[in-house]
Amino acid sequence: MEQVRRETSSRRSGDGALAVKRAADSRAAALASTIRQLMAFGFVSQRELARELNRRGIPTALGGSWHRTTVVRMLTRLGLITLGKGRINSELATKQAADARAEAFGPTIRKLRKAGFVSIKAIARELNEREIPTPRGGKWHLTMVTRLLQRLDRLDRVSRSQRRR
């Protein structure tokens, strides 16, 4: 009789743990776009992310403040942390950040091309004249515009191939 009770209670606690994990996974999924957006804007360190999430008033699962450890847990759930090191997978984070920035510039580049600014030099000049800052806040150069256009082209090809599937 005692054995049956132990098995039943261990199953219940296992079910409870599974429910907690599912809730945490769904919370992470809900915050995924916000966290990726913050990373795209340059908030790459865990402390910076925690500070920005708190500044924006985004509560943790229990309604508290974000700390480095809560950010680490969230990033782990989202697969953005290199296992064992406790650091953000910087290569992946850098690429995702660059992709997000490129997507943000996409509409502006399309408008410039429709307005007749076709060459890379003309696009760089116009972005500077309109005082549209680079991701790091500087001036646009030919290489930067070239890489932005290449990234936009790659993202466009990827999105078109995913739509075909």
R110 paired with R164, simple spin-label distance in nm, labels 7 Å along Cα-to-beta-carbon: 2.0
Taking the Cα of A23, stepping 7 Å toward and past its beta carbon, and measuring to each backbone N in segment 47-77: which are under 11 Å? 61-63
Starting from the 7 Å offset along Cα-to-Cβ, what nm value, one decimal, do you get for the label separation of E103 and L149? 2.3
Dividing the mean separation of Cα pairs under 8 Å (6+ apart) by the residue count of segment 102-152 yields a relative contact order in percent of 39
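Please work out whether segment 99-165 counts as rounded, prolate or oblate from its C-alpha gyration tensor, where a ≥ b ≥ c are the square roots of the eigenvalues and a/c under 1.5 means rounded, while otherwise a/b larger than b/c means prolate and anything else oblate?
prolate
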Could you compute how much accessible surface V145 exposes when probed at 1.4 Å, giving the result in Å² to the nearest 10? 0
Ranking A98, S65, N128 by how far each Cα lies towards the positive end of the charge dipole of segment 46-165 (+1 on Lys and Arg Cβ, -1 on Asp and Glu Cβ), the top one is A98
Quick check: from the Cα gyration tensor, does segment 38-79 come out rounded (a/c under 1.5), prolate or oblate? oblate
Which value, in Å² rounded to 10, gives the accessible area of D153 with a 1.4 Å probe and all protein chains present? 70
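With the Cα gyration tensor of segment 20-130 in hand, convert its eigenvalues to equivalent ellipsoid semi-axes via √(5λ) and list them largest first in whole Å. The partial results should precede the final answer.
Details: eigenvalues 242, 41, 31 Å².
Equivalent-ellipsoid dimensions as semi-axes: 35, 14, 12 Å.
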Where labels lie 7 Å past Cα in the beta-carbon direction, separation of S33 and E131 in nm: 3.1
Give the lysines whose C-alpha is closer than 27 Å to that of K21, dropping any in the same chain fewer than 8 places away, or say none. K85
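When only the heavy atoms of the protein chains count and the probe is 1.4 Å, how do E103, E126 rank by accessible area, highest first?
Values: E103 115, E126 30 Å².
The most accessible residue leads, giving E103, E126.
When the solvent-accessible surface of protein heavy atoms is calculated with a 1.4 angstrom probe, in what order do M144, M39 fall, highest first? Each step should come with its number before you reach the end.
Values: M144 65, M39 5 Å².
Sorted by accessible area, descending: M144, M39.
The values are calculated or read from the model by the stated rules, or taken from the named source; none is laboratory data. Being a predicted model, the structure only gives us computed values, none of them experimental. So basically every Cβ, Gly included, is an ideal-geometry build from the backbone, and we count neighbours across all protein chains shown. We work out accessible area using only protein heavy atoms, side chains counted, and drop any ligands, DNA or RNA first. Shrake-Rupley method; radii C 1.70, N 1.55, O 1.52, S 1.80 Å.
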